[in-house]
1. Being surrounded by 20 or more Cβ atoms within 10 Å (Cβ to Cβ), in contact (Cβ under 8 Å) with a residue 60 or more places away in the chain and not in a strand (DSSP E or B) is the filter here, so list the residues in the stretch 189-218 that pass it.
2. Can you pull out every residue in the stretch 207-222 that is acidic (Asp, Glu) and within 21 Å of the chain's Cα centre (by Cα)?
3. Which of the residues belonging to the stretch 226-252 are surrounded by 13 or more Cβ atoms within 10 Å (Cβ to Cβ) and in contact with a Pro (Cβ under 8 Å, 6 or more places away or on another chain)?
4. Collect the residues in the stretch 223-270 that are in a loop (DSSP other than H, G, I, E, B), of a type in the set (Asp, Glu) and within 27 Å of the chain's Cα centre (by Cα), keeping them in residue-number order.
5. For the stretch 158-181, indicate whether the set of residues that are among the hydroxyl-bearing types (Ser, Thr, Tyr), farther than 23 Å from Lys203 by Cβ, at pLDDT below 80 and not assigned by TED's automatic domain parsing to the domain that holds Val56 is non-empty.
6. As an exercise: evaluate Asp186 against (1) among the acidic types (Asp, Glu); (2) touching a residue at least 40 places away in the same chain (Cβ under 8 Å); (3) farther than 20 Å from Ser138 by Cα and give the number of the one condition it does not meet.
7. Name the residues in the stretch 221-270 that are under 27 Å from Asn187 (Cβ atoms), in contact (Cβ under 8 Å) with a residue 12 or more places away in the chain and among the charged types (D, E, K, R), would you?
8. For Asp186, indicate whether it is charged (D, E, K, R), part of a strand (DSSP E or B) and under 26 Å from Lys230 (Cβ atoms).
Amino acid sequence: MNNRSRRKELEELYLLTKESKAKSKGRKLTDKPSSEKSLKDWFDRKGAGGSTGGWVDCNTCRNGKCKPCGRQKGEKRSKYPACRLTPASCKKYKKTKGKSWGKGGKKKSKKANLIYFLKQAKSHDIIIDKYEIEDYMSFFDLEQGLLDSLTINVDSPMGSKKDFNSEIPNIPFDYGEIEEIINTADNKGWDVIIVPSQSGGEKTQSFQSYQIVGVVEYSDDELEWESNNKEFPGSNHKLIISLNGEYTDEDAEDLENFFNDWKFKKIRWF
């Protein structure tokens with residue numbers, strides 16, 4: 001793009017921004033839903049105390065006061081966020097715990113809440129906290145646009161030593177985890193394997209353009225685990241991902257050979 005075209009594009013963007021600000025100037029939000037003219041208005045309605053505003057985390061409410069739903073950079077909380085518009089709405093929200101959300105809640109409702117909040121977080125640049133997914137099949141219910149907002153932390157790059165296979169100590173692929181999505185089997189991020197031909201990349205990556213192409217499942221023969229003096233890892237399965245869902249026959253062969261061990265089932269390819 002030449003300088004003239006770039007300048008014209010910036011001028012058009014400036015005019016659109018100026019027009020948008022002019023339309024919204026002087027309009028005040030009230031408690032009535034009719035005062036909301038956009039999704040941003042809806043999300044920015046008065047909720048948390050002080051100058052922050054916005055939605056609140058019901059798990060932080062004390063004496064009618066709650067912290068904002070979005071965490072400040074570096075802030076940690078003991079529980080996953082349970083976000084609602086106002087502290088008052090948290091009272092009704094908590095009455096449904098174990099029915100439509102929280103421990104014992106319906107999986108469908110938890111999944112819907114996850115999808116919903118990820119959309120809001122992505123739209124408003126909120127720090128996405130950690131959420132639980134119990135079954136890897138739930139990932140297929142998430143739109144690729146939502147997955148794009150997730151972060152992959154490659155903590156064991158290709159060549160690292162892992163105890164997956166007793167005969168092959170060094171892994172032939174990048175191995176890491178999706179930081180924002182918790183696997184309830186170990187309460188850590190969902191583990192991912194990047195196919196060998198695409199490994200060797202950055203330590204921190206966006207999930208953008210990646211697709212789940214397979215899964216490495218642990219054997220559920222608990223007696224065999226016991227006989228080998230190993231702790232049964234449960235459903236701490238590993239997702240196999242590749243860019244745009246593409247991988248080679250050599251990728252599949254290398255992974256199947258590596259995980260040809262008593263600890264694992266045969267790789268399931270999608």
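The values are calculated or read from the model by the stated rules, or taken from the named source; none is laboratory data. Please read these numbers as outputs of a predicted model, since none were measured by experiment. Backbone-built Cβ (ideal geometry, glycine too); neighbour counts: all protein chains shown.
1. Answer for the stretch 189-218, where residues must be surrounded by 20 or more Cβ atoms within 10 Å (Cβ to Cβ), in contact (Cβ under 8 Å) with a residue 60 or more places away in the chain and not in a strand (DSSP E or B): Val195, Phe207.
2. We begin by selecting, within the stretch 207-222, every residue acidic (Asp, Glu); these are 217, 220-222.
Within the stretch 207-222, Glu217 is the sole residue that qualifies.
3. The one that is surrounded by 13 or more Cβ atoms within 10 Å (Cβ to Cβ) and in contact with a Pro (Cβ under 8 Å, 6 or more places away or on another chain): Asp251.
4. Of the residues in the stretch 223-270, the ones in a loop (DSSP other than H, G, I, E, B) are 228-237, 244-248, 259-263, 265-267, 270.
In the following step, the residues that additionally are of a type in the set (Asp, Glu) were identified as 231, 246, 261.
Correct list: Glu246 only.
5. The initial filter retains those residues of the stretch 158-181 that are among the hydroxyl-bearing types (Ser, Thr, Tyr), namely 160, 166, 175.
The next check asks that each one be farther than 23 Å from Lys203 by Cβ; those that pass are 166.
With the extra rule that they be at pLDDT below 80, the set shrinks to 166.
Restricting the remaining residues to those that are not assigned by TED's automatic domain parsing to the domain that holds Val56 gives 166.
Looking for residues that are among the hydroxyl-bearing types (Ser, Thr, Tyr), farther than 23 Å from Lys203 by Cβ, at pLDDT below 80 and not assigned by TED's automatic domain parsing to the domain that holds Val56, one finds at least one in the stretch 158-181, hence yes.
6. Here Asp186 meets the rest and fails (3).
7. Glu224, Lys230, Lys238, Asp261, Lys263, Lys265, Arg268
8. Details: charged (D, E, K, R): yes; part of a strand (DSSP E or B): no; under 26 Å from Lys230 (Cβ atoms): yes.
It is false that Asp186 is charged (D, E, K, R), part of a strand (DSSP E or B) and under 26 Å from Lys230 (Cβ atoms).
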